[in-house]
Amino acid sequence: MSELYNPYDPAVQADPYPIYQVLREESPVYWNKEQEFWALSRFDDIWAATQDHRRFSSAKGIVVGQDLAAGMGDLMPMMIMMDPPRHSALRKLVSRAFTPRRIAEMEGSIRATARGLLGSFIERGEVDFVHEYAGPLPTIVMADMLGIPNEDRQQFRDWSDRLVQVNPNDPASVEDATNAALGLYGYFTPMLAARRANRKDDLMSALLDAEVDGETLTEEELLGFCFMLLIAGNETTTNLISNTAQILSERPETLRTIAAEHSLLPAAVEEFLRLESPVQGLARTVTEDVELHGETMRAGSKVMLLYGSANRDEREYADPESFILDRKTERGLAFGHGPHFCLGAALARLECRVAYEELLSYVPDFALADGAERLLSGPVRGYKKLPITFEPTSISAR
Ligand code: HEM
């Protein structure tokens, strides 16, 4: 019998929400026999699991199936795959280089990048939104942050695409992603040596100098952090910006309202994140037998925390399938929760807000065109291709 919930099933990729609803109602602790993992789908259960790192560990990887990143763990340890207390120490260290002030200071350059990208396509009246806007924007922001020169950005994006689009059930795609990981490793290693010899005003240099209680990051931890930023921060933000285009194009009235009043964007971004969460789910490993809703998850088994389902749980949100601009949400799981709460949440929110402030200043109305293609990824929900059309204009028109 085929599984009710398999993250790589094309039907789930197309529209996971009806399946999540069945899971929440009928099997809130669901066992996928084929791939041998549990899936939690209700908000409260996931909220609790993210805080319970003792029983729900991140140390054995955070995706189900063959975990490529976990395989890279010795070469480049990543805090997203560690538990406290080591996780807490590392997080404290990198937070030194990732302060709210540093993020806020990036607004001007993010805006200039967004405008530059818009300038290259708004006279055409049509664009593959992912390829020319939602994709390059976070890549350039991240490349700037890390101090990666312009000429290497496309290569950088290519590695990151191949890493996120890995399908653990397809050996060719696993091999491709492994090569991409090794490519990145080979790129970052000499770059780090160069920064060690000669500091610049970039995140890598700040990370080299970050110190807590006399402790600094090891060479491997530093490489791991740069690698993790790529996986954690690039595609996720691309898909937030792409999913937002889809949400708005399906709701012309909301699009008009926001285009006329940009101050509504911060609240709207929270609703975009909730309704189409770019990270649909990440896994933990249970360290002891855990009983929940009459099921026993045996020690050592993988548990998928379906953030995308939690964010539409009717137990947490009234009318969860609707986009409600002035919804007052108290909690959400788009960025996870607990010790691993997304380190880049403020940056992602900033990028999405600025991307739309700029876009809607020139293109107040747009529609989806034929040819959209979903991204084939287990944890990440978004688009590989998203053609849109709009009234042609020019940057000087404003
Ligand atoms: C962690 C989502 C953007 C860096 C996480 C987690 C989620 C998430 C769900 C929790 C992982 C877990 O539960 O195991 C997102 C989404 C983004 C986004 C939806 C965009 C819309 C970014 C950006 C950066 C970033 C822009 C960095 C520049 C990180 C890091 C962690 C993390 C470093 C690991 C934190 C830790 O282990 O303590 N993110 N993220 N993310 N994210 Fe993000």
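For residues that are part of a helix (DSSP H, G or I) and either surrounded by 14 or more Cβ atoms within 10 Å (Cβ to Cβ) or on the phi > 0 side of the Ramachandran plot (or both), tally how many sit in the range 123-154. Let's see the steps before the verdict.
Here is the first cut: in the range 123-154, the residues part of a helix (DSSP H, G or I) are 129-134, 136-146, 150-154.
Pick out the ones that are also either surrounded by 14 or more Cβ atoms within 10 Å (Cβ to Cβ) or on the phi > 0 side of the Ramachandran plot (or both) and you get 129-134, 136-146, 153.
Of the residues in that region, 18 qualify.
One residue alone among SER277, SER263 is under 25 Å from PRO100 (Cα atoms), at pLDDT 90 or above and exposed (fewer than 15 other Cβ atoms within 10 Å of the Cβ), and that residue is SER263.
Consider the range 345-380 and keep the residues that are modelled with pLDDT under 95 and in a loop (DSSP other than H, G, I, E, B). The one that is nearest to the ligand (Cβ to nearest atom) is PRO379. Is there any pair linking a residue in the range 92-108 that is more than 13 Å from CYS342 (Cα to Cα) to one that is more than 11 Å from the ligand (Cβ to nearest atom) and part of a helix (DSSP H, G or I), with Cβ under 6 Å and at least six apart or on different chains, and which? Close Cβ pairs (under 6 Å, with a partner that is more than 11 Å from the ligand (Cβ to nearest atom) and part of a helix (DSSP H, G or I)) amount to ALA97/ALA206; ALA97/LEU207.
Taken as a whole, the range 157-176 holds no residue that is within 15 Å of the ligand (Cβ to nearest atom) and either farther than 30 Å from ARG381 by Cβ or of a type in the set (Phe, Trp, Tyr) (or both).
Checked across the range 29-41, the condition of being within 13 Å of the ligand (Cβ to nearest atom), of a type in the set (Lys, Arg) and at pLDDT 90 or above holds for no residue.
The set of residues from the range 287-312 being surrounded by fewer than 22 Cβ atoms within 10 Å (Cβ to Cβ) and closer than 29 Å to THR236 by Cα comprises THR287, GLY300, SER301. Remark: pairs (first residue in the range 270-291, without any contact (Cβ under 8 Å) to a residue 24 or more places away in the chain; second residue assigned to a loop (DSSP other than H, G, I, E, B); Cβ separation under 7 Å; 6+ apart in sequence or on different chains) = ASP289/ARG298; ASP289/ALA299.
Restricting attention to strands (runs of 3 or more DSSP E) lying wholly within the range 266-329, give those where 2 or more residues are in contact with a Lys or Arg (Cβ under 7 Å, 6 or more places away or on another chain). Walk me through how you get there before you give the answer.
On the way: elements: 282-286, 290-292, 295-297, 302-305.
The strands (runs of 3 or more DSSP E) meeting that bar are 282-286, 302-305.
Check ALA143, ALA134 and return the single one that is within 14 Å of the ligand (Cβ to nearest atom), under 20 Å from LEU347 (Cβ atoms) and either touching a residue at least 24 places away in the same chain (Cβ under 8 Å) or of a type in the set (Lys, Arg) (or both). Give the derivation first.
Details: ALA143 fails: either touching a residue at least 24 places away in the same chain (Cβ under 8 Å) or of a type in the set (Lys, Arg) (or both).
Testing whether each residue is within 14 Å of the ligand (Cβ to nearest atom), under 20 Å from LEU347 (Cβ atoms) and either touching a residue at least 24 places away in the same chain (Cβ under 8 Å) or of a type in the set (Lys, Arg) (or both) leaves just ALA134.
Filtered by the rule that a residue be in a loop (DSSP other than H, G, I, E, B), more than 7 Å from the ligand (Cβ to nearest atom) and either of a type in the set (Asp, Glu) or closer than 19 Å to PRO379 by Cα (or both), the range 330-344 gives GLU330, GLY332, LEU333, HIS337.
The values are calculated or read from the model by the stated rules, or taken from the named source; none is laboratory data. No experiment lies behind these values; they were computed from the predicted model shown. Reconstructed Cβ throughout: ideal geometry from the backbone, glycine too, with neighbour counts over all protein chains shown.
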